Amino acid sequence: TSKFDVFGNKFAHDIFLQKYSMNQTETWADTCERVVQAVCGQLLDSKEKAKILKFMKERKFIPGGRYLYSAGRSFHQVNNCFLYRAEDTREDWASLMQDLHRSCSLAVELELIIQISDPRAHRSSELAAFVQDQSLLWRW
């Protein structure tokens, strides 16, 4: 490899190091391995992962910048919208509220849709009585 790794010039190499390389020390090959392992690690067999890794290293396939930056990091936000679901229990509603609270600091769009078609069939009678066969949409 050249002094600019796989990049043709210093400008491109510097952008890669600043925006996508973990700790500004990762090479392109290291980034490819991190992304493939984080995204495909438990979903694909080693043969399929090796194909994807080869295409990435050759720059025939390049995931979006969010994946190049975030995949494999301890806080890996690759999407800017979230969909949450909760069962009709107090514990799940509390967990949902915690998730929503945490998500509010991420500069994302949140949509929470609550749809109860038959309030008598649900355990949270107070919520069911409040909803009364209506759908609610909260947007932050």
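Quick rundown of the values:
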| quantity | calculated |
| --- | --- |
| Probe 1.4 Å - accessible area at Tyr69, Å² to nearest ten | 100 Å² |
| Two-site FRET efficiency, Trp93 against Thr25, from Cβ-Cβ distance with R₀ of 35 Å, rounded to 0.05 | 0.20 |
| Fully extended contour minus Cα-Cα distance, from Phe61 to Asp14, at 0.36 nm per residue | 14.9 nm |
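The values are calculated or read from the model by the stated rules, or taken from the named source; none is laboratory data. All values derive from a computational prediction rather than experimental measurement. Methodologically, a virtual Cβ is constructed for each residue, glycine included, from the backbone with ideal geometry; neighbour enumeration extends over all protein chains shown. Just the protein is used for accessible areas: all its heavy atoms, side chains included, with ligands, DNA and RNA removed. Shrake-Rupley method; radii C 1.70, N 1.55, O 1.52, S 1.80 Å.
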